[in-house]
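Engineer: Got a structure for you, questions after.
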Amino acid sequence: MRLSPKVLLIDPVRMLPSLLLPLGGVLVAGGFSARSFLFAAMGVAGSIVFAVIRWATFTYTIVGDRLELTRAFVSRSVRTIPLERIRGVDVSTPPLHRLFGLAVVKLDTGAGGDKQEGELNGVTVEEAERLRAILLARRPSPPRATSEAYNGTAAGVPGPTGPAAGVPAGAAGIPGGVPAGVSGEHYFIRVPRSWLRYGPLSGAYLLTPFALVAGAVGLLFQWGDEFGISGKAAWAIGEWLWDHPQYLIAGVIVLVLAMPLAGGIMYAVFNWDFTLKARDGYLVAERGLINRRAVSLERSRIRGYELAESPPERVAKLVRLWAVVTGLGDSETRGQLLPVAPKADALAIAADAIAPFGPNAGSTHTNAVGLRPHPPQARRRRLFRAIFPWLLVAAVAAVLGWGVVVAVALALALLGIPLGLDRYRSLGHGYDGARFSVRSGSLRRTQAVVERRALVGWTFKQTWFQRSSGLLTVIAGVGAGSGGYSALDTGERQGVEFAAEVTPEWLTQFITHP
Amino acid sequence: MTLWFLEGVMGLLFMVGGAALLSLWVGSWSWLPDWLTARPWLLPVAVAAVLLPPVIIEPPLRYAVHRWELSGDIVYARSGWLSREWVFVPVGRIQTVDKTQGWFERLLGLATVEIRTASYAGSSSIKGLDYEIAARLAEDLSHRAQQLRDDAT
């Protein structure tokens, strides 16, 4: 099958920005003569022909249990992706694509690296839906036995996936619509619009106005010549601004005031109508106003979740939620399960969609359930690390006689006291029999809850300073998410016992050694 | 132990050599105090003085700390000298086992076994094993890993 021919309408537009400069160059160099226009036209025509050929030579087919992407433009290449290797499907519709009813389908194969992924840029939305249904209807290897087994093993969590939806083993791979009977859609949440007001707190897009201005200035400099603004004129403007600092300051104030507003808008655009639902053993997160994006994560590969909060979010009891998935590329954006959301709801959803953590799982205010605090030496160490560098800077600056630097460094050192105390308060680890959890950080406090079976090993680390205060950092190696989750500064015995508690069969035989 | 000593000595020589080269150049810098430009050889000597003690102390410490053990299908490796690191990896989670030999190691008939898992945090390397032992360990590990393989990750 080919991509939708409508891509041809999009492709040239997409290539336009990159073409504009050389074309402009040709025109300018040729002095806008007839011949230079001819060359420019040839360039445009060439790019269109190129797009057509590329479209005509790129095909994708589902053969048996493989997806084959064939490119035969100059060199011929066939990429074969076994369907069972596809771990997630990411459907997004950038604005232009949306205009023409197209979508981009990205296949996450867990191979790592962007180049290893399959991408179908420009299929119709219906086709994208159909592909997703086919690609995701497949189960990893053994499963084709019975549909019951399929639902049991794949969904992992009984209940929410609905009744056994019989997917005929042969149905997948045959073109022709979404297999009937694949029901079991279950909405965990449709994020209410009112939650968008939490956006500015997230701090994610706060710098947008500055980025916009910087971009505009850059563009101006780059293309200034073509707009008849020479560098000299720009310089003159700069000097004039410098002479009239009130305008400059006013501009900066406007930008700063625009920060929360722009941040809120950007946030709303990206997270518009966020929905999280389960569909046949997959979690599907959809979001976006202009570029609508739907990410499907295979539920049986989800190993846990991660919560992150910044101080303002903590005050407002908000939290962000990610899934920890094995072999997921770009997990920061793809693994996101919720936008900024009230903590109680987020925990409830995490417990519902993935699994609860803690002995009294199910209750929604499980703030720090089951997390054990770390020994007091850890507090000393946190404090020391938050304060000492600034004190050092202050001392050096004092020796050199830089008064301002001394003041700033001392102020930062003072700030370090509550910071260090808070960082200590954040530290914690726990294990509830199936999942372990570690938490750390203050400015970005993260708590990870990961299944025991995702563990691939333990690493204990002890620096010289930690050794003298009897502390130990335990790093749980996990073949998912960011790879390792560490419990900072546990007590020596405590840390080892924590690891031994989670995986007694690995450690008990060594326990006397360290 | 000899390996680390050799590596340390090589590192030392490299640094001192670099410092010596620098000192040739330093003679022409005007912003340095006169007593320094007059005696450019001070620099390599200073570098050597700073670096030599660790080079002498490090290998025995490392040798005392570094241990490895394979028992009950768990690989346990301890490394470090001032900071220490213990790594426990169950054989079933090992993805690849590499056996490498740098040229110092070849000189001394040693080898390094690198164990990789799906996560960087669970990966470790056991340095400076006798070549035969390393070869056997690598072989055993990859065999065992094949048998025990479970696809949790």
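Engineer: Highest mean first, how do A:313-319, A:118-124 rank when packing is the count of other Cβ atoms within 10 Å averaged over residues?
Structural biologist: For the peptides A:313-319, A:118-124, the packing ranking is A:118-124, A:313-319.
Engineer: At a Förster distance of 30 Å, what's the computed FRET efficiency of B:Y63 paired with A:A407, Cβ-Cβ distance as r, to 0.05? Each step should come with its number before you reach the end.
Structural biologist: Details: r = 49 Å, r/R0 = 1.64.
According to the calculation, E is roughly 0.05.
Engineer: Across the residues of B:90-97, average count of Cβ atoms on other protein chains within 10 Å?
Structural biologist: The shielding value for this peptide is 2.
Engineer: Quick one: net charge of A:A294's neighbours, Cβ under 12 Å, K/R +1, D/E -1?
Structural biologist: Spelling it out: positives minus negatives among the neighbours equals +4.
Engineer: I'd like the FRET efficiency for B:S142 and A:I290, computed as 1/(1 + (r/R0)^6) with the beta carbon distance as r and R0 of 60 Å, rounded to 0.05.
Structural biologist: The pair B:S142/A:I290 has a calculated efficiency of 0.75.
Engineer: Now a separate question. Evaluate peptide B:108-118: per residue, the Cβ atoms of other protein chains within 10 Å of its Cβ; return the mean as an integer. Walk me through the numbers before you get to the answer.
Structural biologist: Values: counts 0, 0, 0, 0, 0, 0, 0, 1, 1, 7, 11.
Other-chain Cβ atoms within 10 Å of each residue's Cβ, averaged: 2.
Engineer: Calculate the mean, over all residues of peptide A:463-475, of how many other protein chain Cβ atoms lie within 10 angstrom of the residue's Cβ.
Structural biologist: 2
Engineer: Another question, then. Highest mean first, how do A:83-92, A:239-248, B:72-81 rank when packing is the count of other Cβ atoms within 10 Å averaged over residues?
Structural biologist: Result, highest mean first: A:83-92, B:72-81, A:239-248.
Engineer: Express the C-alpha Rg of the range B:67-148 as a ratio against the empirical globular expectation 2.2 N^0.38 Å, rounded to two decimals. It would help to have the intermediate numbers written out before the result.
Structural biologist: Numbers: Rg = 12.3 Å, N = 82, 2.2 N^0.38 = 11.7 Å.
The reported ratio for this selection is 1.05.
Engineer: Translational D (Stokes-Einstein, µm²/s) of the range A:376-424 at 37 °C and 0.692 mPa s when Rh comes from the Kirkwood sum over C-alpha pairs?
Structural biologist: Numbers: Rh = 10.7 Å.
Translational D for this selection: 306 µm²/s.
Engineer: State the extension gain, in nm to one decimal, for the chain segment bounded by A:E126 and A:T275, taking 0.36 nm per residue of separation less the distance between their alpha-carbons. Let's see the in-between values first.
Structural biologist: Values: separation 149, 0.36 × 149 = 53.64 nm, distance 1.94 nm.
Full extension from A:E126 to A:T275 adds 51.7 nm.
Engineer: If you don't mind, there's one more thing I want to ask. What nm value, rounded to one decimal, do you get for the distance between A:R76 and B:L107 when each label is placed 7 Å out toward the C-beta?
Structural biologist: If labels sit at A:R76 and B:L107, their model points lie 5.3 nm apart.
Engineer: State the dimensionless ratio Rg/Rh of the range A:282-351 (Rg: radius of gyration of Cα atoms; Rh: Kirkwood radius).
Structural biologist: 0.98
Engineer: If each Cα of the range A:246-313 is one equal point scatterer, what is log10 of I(q)/I(0) from the Debye formula at q = 0.24 Å⁻¹?
Structural biologist: -1.06
Engineer: What is the projected area of the convex hull of the Cα atoms of the range A:369-514, averaged over all directions, in nm²?
Structural biologist: Mean shadow area of the hull around the Cα atoms is 9.8 nm².
Engineer: Sticking with the crude label model, points 7 Å out along Cα→Cβ, report the distance from A:S33 to A:A45 in nm, one decimal please.
Structural biologist: Using points 7 Å along Cα→Cβ, the separation is 1.9 nm.
Engineer: With no solvent and one equal point scatterer per Cα, compute the Debye intensity ratio I(q)/I(0) for the range A:398-452 at 0.12 Å⁻¹ and report its log10, rounded to two decimals.
Structural biologist: -0.46
Engineer: Given a Förster distance of 60 Å, report the FRET efficiency between A:R66 and A:T463 from their Cβ-Cβ distance, rounded to the nearest 0.05. Kindly include the intermediate steps, with their values, before the conclusion.
Structural biologist: On the way: r = 49 Å, r/R0 = 0.82.
Approximately 0.75, to the nearest 0.05.
Engineer: Okay, next question. Please give the peptides A:289-295, B:124-130 ranked by average Cβ packing (other Cβ atoms within 10 Å per residue), highest first, as a rough proxy for protection. Mind showing how you got there, number by number?
Structural biologist: Values: A:289-295: 17.9, B:124-130: 19.6.
In decreasing order of mean packing, A:289-295, B:124-130 become B:124-130, A:289-295.
Engineer: Then there's this: Could you calculate the contour length gain from A:E84 to A:R425, that is, 0.36 nm times the residue separation minus the distance between their Cα atoms, to one decimal place in nm?
Structural biologist: Answer, rounded to one decimal: 118.4 nm.
Engineer: Do you know the relative contact order of the range A:376-424, to the nearest whole percent, from alpha carbon pairs under 8 angstrom that are 6+ apart?
Structural biologist: 53
Throughout, read-outs are computed from the coordinates displayed, never taken from laboratory work. As the structure is a prediction and not an experimental result, all values here were calculated from the model. Cβ coordinates were reconstructed from backbone atoms using ideal geometry, including for glycine residues, and neighbour counts include every protein chain displayed.
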